[in-house]
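*Asks:* Have a look at the structure that comes next, please.
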Amino acid sequence: MPDSLEPTLRNATIAVLVENEAGILARVVGLFSGRGYNIESLTVAPVDADRRLSRITIVTRGTDMVIEQIKAQLDRLVPVHKVSDLTLEGPHIARELALIKVVGKGEARMEALRLADAFRARVVDATIESFVFEMTGAGEKLDAFIALMRPIGLAEVSRTGVVAIARGPGGFEA
Amino acid sequence: MSATLQTAETRTMTGAEIVLQALKDNGVEVIFGYPGGAVLPLYDALFQQNAIRHILVRHEQAAVHAAEGYARSTGKVGVVLVTSGPGATNAVTGLVDALMDSIPVICLTGQVPTHLIGNDAFQEADTTGITRPATKHNYLVKDIRKLASTVHEAFYVSKSGRPGPVVIDLPKDILIGKGPYSEAPQAPHRSYRPQTEPDMASIRAAVRLLKGAKRPIVYAGGGVINAGPEASRLLGDFVRMANMPCTNTLMGLGAFPSEDPQFLGMLGMHGTYEANLAMHGCDVMLNIGARFDDRVTGRLNAFSPNSKKIHADIDPSSINKNVKVDVAIVGDAGAVLKALIECWQAEEQPQDQAAIAEWWRAIDGWRGTGCLQYRQEGSIIKPQHAVKRLYEITREMGHETFITTEVGQHQMWAAQYFGFQKPNRWMTSGGLGTMGYGLPAAMGVQIAHPDALVIDIAGEASILMNIQEMGTLAQYRLPVKVFILNNEYMGMVRQWQELLHGSRYSESYSEALPDFVRLAEAFHARGMRVTEASQLDDAIREMIAHPGPVIADIAVAKDENCFPMIPSGAAHNEMILAPGQEGGVTGVTDEGKVLV
């Protein structure tokens, strides 16, 4: 196929409201692996205990046609209440959270603190030779901070996937 | 609320009784199954009632295919009961088959007691894990209070929207325990509410395109069958009203009468020359209840290149999956056809009758190729001839006839040469292509239609994949006729090896075949073998007249190929025709060799 006909890929952040029941995550993940879709990140947690609802945020990548397919395939799962492509449906906020452990002494330690301050990372644990920073933000911001910590003494990273929500007053009801 | 609780409390039953009561309340009269340790409580409850008839199969895969045959020939949900572990894993092929062909089936599987789940107990398998991608939905019931509502929900899910198989995994302690029975809820489902009524704006857009078409075509699939017989009647009304040619997919055969002059035959890989060229050359295509399957489209970037496409489907995920369409209509095929007809009648724009007459002349030219012609000469029976005579003789004899098939060349010949005038008369494994489907499916059809003529058109290789079901035919005196086109090859494999692999027939010869006559007799059935063309008609009549099950082993030409054929990787206008017919192509591209 000539290059000009190569379909363009885009990222999509998809929010899925589901029944909070056993096996639901396996259904969603199995759908992606079974049909060969990408998962760049996936985050899930209960969001409405009274109505037994969980919200899954999936970042995926594909052509417009594939992303439309992903939405349609998710939507026909029986325990899925609602699917929304936040990337398409207007402005939205996307955040990740990371816990970052940096080990070091002396000047390296000071440098880590200074950079953490500049990045608005919070110190949530400290010993005389280590810090654990907590940081939220867009993925690129987290990437940048982690890259800076690497030469200083990065020891361990734990990150959530993306959680996202549309801007403005509109809600995402079941 | 309190009233409901009151009722529930007054109707305490065992789990097994709850399951049977829920089946009865959902109209179930027959289930296909095989007992085992984990489902003994259900079998004990079955023993003590008469409302539900149990058909004992010889293998769990066959139970699912039988339920599919039952479902496809009646429009009702087919029900299966199997035990845990191997019972459930044996059922998986049937479940995927039902999933691919959108057949409503409920499969009850036994499970080890809840406290043993995860312990690798005897006959334990992770049934919900294994069947998750094999079903439309599945359930593991761990709380007896949810048992009745789960069974009711399973029926709703299985038959609503795009139908499909549903598994309910039932741990043994749940079946033995006691709990409340509740009736099916009246309230709509919390999350699954598929759209069945089409959006009128898309209907109007479709009608405008169709009215303005110079070279229209209607391409109808299994969705029309699944929408019930009324949808097929509406399809006929619409096609005749609009004077359009109509082609059916393998799954859609019977949705439009094969003997109607507007029918072009089946389309796709082994579709007719006229159907495929009309698809290629049309300017407006209405796809109703089909999914642009790869057997239908051929090479996607050359598929019907100059047409506006309208796609009506009950499953939004089928739309724009393989082929980008211009007008998308989500809805039940019957509701869509009704809306199309109303809108067509209201729309004043006249059709271009001259252009449509010209289009019919082009189609008649393609029909002139006679792509399904064959020459029956000498004593060797051509497989096409065997199917054609089977069709003509059943037609003459006036029997209500249902056909099932296995998978391979015989299946395609059956689709090409057996005509269907009504929906629900044709059961074949389309999406999954499951060899061994036809005999158990025929069993299910015969159970639903005891007085009808039910024929499994089979190949000698496929039939051996579920041959044990001859025992079930004998036990229930099911007069199924097994009509084997015996060419001593896995014929479709042999055909591809001839066309794509230099005639190197690797492992496709049916070595060491049984004597089918004696095999039939061993299963208390009638066996027949036909080797001469001159004996064929009498043998078919004798087979039909015999009151019990029959295996008719028809020795046919060994090296016959199934044509026309769109080789893989080719377009609709690149068909291989039978030797001696003009207008076809030869050979397969390198890209095509990768495809299946």
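*Asks:* Just wondering, is there one or more residues in segment B:410-429 that are open to solvent by 60 Å² or more (accessible area, probe 1.4 Å), in contact (Cβ under 8 Å) with a residue 40 or more places away in the chain, part of a helix (DSSP H, G or I) and not basic (Lys, Arg)?
*Replies:* Scanning segment B:410-429 turns up no residue that is open to solvent by 60 Å² or more (accessible area, probe 1.4 Å), in contact (Cβ under 8 Å) with a residue 40 or more places away in the chain, part of a helix (DSSP H, G or I) and not basic (Lys, Arg).
*Asks:* Given the options B:295, B:291, name the one that is in contact (Cβ under 8 Å) with a residue 12 or more places away in the chain and within 23 Å of residue B:589 (Cα to Cα).
*Replies:* B:295
*Asks:* Sticking with this structure for a sec: Looking only at segment A:127-143, filter to residues that are touching a residue at least 24 places away in the same chain (Cβ under 8 Å) and open to solvent by 40 Å² or more (accessible area, probe 1.4 Å); which one of those is nearest to the chain's Cα centre (by Cα)?
*Replies:* Filtering first and then ranking leaves A:136.
*Asks:* Kindly list the number of the only condition in (1) part of a strand (DSSP E or B); (2) among the β-branched types (Val, Ile, Thr); (3) within 14 Å of another protein chain (Cβ to nearest Cβ) that fails for residue A:60.
*Replies:* Just one mismatch for residue A:60, condition (3).
*Asks:* Also: What's the total number of residues in segment A:2-35 that are among the hydrophobic types (A, V, I, L, M, F, W, C) and away from every other protein chain (no Cβ under 13 Å)?
*Replies:* Count: 4.
*Asks:* Here is a follow-up. Residues in segment B:185-204 that are assigned to a helix (DSSP H, G or I) and open to solvent by 30 Å² or more (accessible area, probe 1.4 Å): how many?
*Replies:* Summing the residues that are assigned to a helix (DSSP H, G or I) and open to solvent by 30 Å² or more (accessible area, probe 1.4 Å) in segment B:185-204 gives 3.
*Asks:* Of the numbered conditions (1) closer than 30 Å to residue B:294 by Cα; (2) away from chain A (no Cβ under 12 Å); (3) open to solvent by 30 Å² or more (accessible area, probe 1.4 Å); (4) touching a strand residue (DSSP E or B) at 6+ places or on another chain (Cβ under 7 Å), residue B:136 satisfies every one except a single condition; which is it?
*Replies:* Every listed condition holds for residue B:136 apart from (2).
*Asks:* Right, next: Name, by its number, the condition in (1) closer than 21 Å to residue B:104 by Cα; (2) part of a helix (DSSP H, G or I); (3) not hydroxyl-bearing (Ser, Thr, Tyr) that does not hold for residue B:474.
*Replies:* For residue B:474, the failing item is (1).
*Asks:* Looking at segment B:158-180 only, could you name the residues that are in a loop (DSSP other than H, G, I, E, B) and closer than 23 Å to residue B:78 by Cβ?
*Replies:* Within segment B:158-180, B:160, B:161, B:162, B:163, B:164 meet the criteria.
*Asks:* Still on this structure, I have one more. List every residue pair whose Cβ atoms lie under 6 Å apart, where the two residues are 6 or more positions apart in sequence or sit on different chains, the first residue falls within segment B:502-518 and is within 15 Å of residue B:559 (Cβ to Cβ), and the second residue, located anywhere, is surrounded by 10 or more Cβ atoms within 10 Å (Cβ to Cβ) and of a type in the set (A, V, I, L, M, F, W, C).
*Replies:* B:508/B:490; B:508/B:493; B:510/B:461
*Asks:* If you don't mind, there's one more thing I want to ask. Checking residue A:38 against (1) crowded, with 20+ Cβ neighbours inside 10 Å; (2) more than 9 Å from every other protein chain (Cβ to nearest Cβ), only one condition comes out false. Which one?
*Replies:* (1)
*Asks:* I've got another one for you. Every residue in segment B:506-558 that is open to solvent by 20 Å² or more (accessible area, probe 1.4 Å), touching an Asp or Glu at 6+ places or on another chain (Cβ under 8 Å) and farther than 23 Å from residue B:443 by Cα, please.
*Replies:* Correct list: B:509, B:513, B:558.
*Asks:* Given the criteria open to solvent by less than 10 Å² (accessible area, probe 1.4 Å), closer than 27 Å to residue B:90 by Cβ, of a type outside the set (S, T, N, Q) and touching an Asp or Glu at 6+ places or on another chain (Cβ under 6 Å), does residue B:482 qualify?
*Replies:* yes
*Asks:* Out of segment B:387-409, which residues are part of a helix (DSSP H, G or I), closer than 24 Å to residue B:260 by Cα and either touching a strand residue (DSSP E or B) at 6+ places or on another chain (Cβ under 6 Å) or in contact (Cβ under 8 Å) with a residue 12 or more places away in the chain (or both)?
*Replies:* B:387, B:388, B:389, B:390, B:391, B:393, B:394, B:395, B:397
*Asks:* Residues that are in a helix (DSSP H, G or I), modelled with pLDDT of 95 or more and touching a helix residue (DSSP H, G or I) at 6+ places or on another chain (Cβ under 9 Å): does segment B:251-259 have at least one?
*Replies:* Within segment B:251-259, not a single residue is in a helix (DSSP H, G or I), modelled with pLDDT of 95 or more and touching a helix residue (DSSP H, G or I) at 6+ places or on another chain (Cβ under 9 Å).
*Asks:* Taking only segment B:485-505 into account, find how many residues are in contact with a Lys or Arg (Cβ under 7 Å, 6 or more places away or on another chain) and open to solvent by less than 30 Å² (accessible area, probe 1.4 Å).
*Replies:* 3
*Asks:* What are the residues in segment B:244-269 that are open to solvent by 40 Å² or more (accessible area, probe 1.4 Å) and touching a strand residue (DSSP E or B) at 6+ places or on another chain (Cβ under 9 Å), if any?
*Replies:* Selection gives B:251 alone.
*Asks:* Further question on the same structure: Going by the structure shown, is residue B:225 aliphatic (A, V, I, L, M) and within 14 Å of chain A (Cβ to nearest Cβ)?
*Replies:* So residue B:225 does not fit the description; no.
*Asks:* Looking at B:157, B:151 in this structure, which one is under 26 Å from residue B:36 (Cβ atoms), among the hydrophobic types (A, V, I, L, M, F, W, C) and away from chain A (no Cβ under 14 Å)?
*Replies:* It is B:151.
*Asks:* Looking at residue B:461, is it open to solvent by 10 Å² or more (accessible area, probe 1.4 Å), at negative phi and of a type in the set (A, V, I, L, M, F, W, C)?
*Replies:* Spelling it out, residue B:461 is indeed open to solvent by 10 Å² or more (accessible area, probe 1.4 Å), at negative phi and of a type in the set (A, V, I, L, M, F, W, C).
*Asks:* Determine which member of the set B:384, B:416, B:373 is touching a strand residue (DSSP E or B) at 6+ places or on another chain (Cβ under 8 Å), farther than 19 Å from residue B:73 by Cα and not charged (D, E, K, R).
*Replies:* B:416
*Asks:* I'd like the full set of residues that are open to solvent by 30 Å² or more (accessible area, probe 1.4 Å) and either hydrophobic (A, V, I, L, M, F, W, C) or out of contact with any strand residue (DSSP E or B) (no Cβ under 7 Å at 6 or more places or on another chain) (or both), limited to segment B:143-176.
*Replies:* B:143, B:146, B:149, B:153, B:156, B:159, B:162, B:173, B:176
*Asks:* Taking only segment B:217-234 into account, find how many residues are within 15 Å of the chain's Cα centre (by Cα) and buried (at least 24 other Cβ atoms within 10 Å of the Cβ).
*Replies:* Residues flagged as within 15 Å of the chain's Cα centre (by Cα) and buried (at least 24 other Cβ atoms within 10 Å of the Cβ) within segment B:217-234 amount to 8.
*Asks:* Quick one: in segment B:298-315, of everything that is in contact with a helix residue (DSSP H, G or I) (Cβ under 7 Å, 6 or more places away or on another chain) and either hydrophobic (A, V, I, L, M, F, W, C) or free of Cβ contacts under 8 Å to residues at least 60 places away in the same chain (or both), which residue is farthest from the other protein chains (Cβ to nearest Cβ)?
*Replies:* Here the residue is B:310.
*Asks:* Grab the helices (runs of 4 or more DSSP H) fully contained in segment B:32-132, keeping just those with 1 or more residues being over 27 Å from the mean Cα position of the chain (by Cα).
*Replies:* B:40-47
*Asks:* Show the residue pairs that are 6+ apart or on different chains and have beta-carbon atoms under 9 Å apart, the first residue being within segment B:320-346 and acidic (Asp, Glu), the second being part of a helix (DSSP H, G or I) and open to solvent by 60 Å² or more (accessible area, probe 1.4 Å).
*Replies:* Hits for this filter: B:332/B:226.
*Asks:* Okay, moving on. Residue A:82 is checked against (1) farther than 25 Å from residue B:195 by Cα; (2) within 14 Å of chain B (Cβ to nearest Cβ); (3) of a type in the set (D, E, K, R); (4) under 19 Å from the mean Cα position of the chain (by Cα) and fails just one. What number does that condition carry?
*Replies:* (1)
The values are calculated or read from the model by the stated rules, or taken from the named source; none is laboratory data. All values reported here derive from a predicted model rather than from experimental measurement. Heads up, the Cβs are rebuilt from the backbone with ideal geometry, glycines too, and the neighbour counts pull from every protein chain shown. Side chains are part of the model used for accessible areas, which takes the heavy atoms of the whole protein and leaves out ligands, DNA and RNA. Shrake-Rupley method; radii C 1.70, N 1.55, O 1.52, S 1.80 Å.
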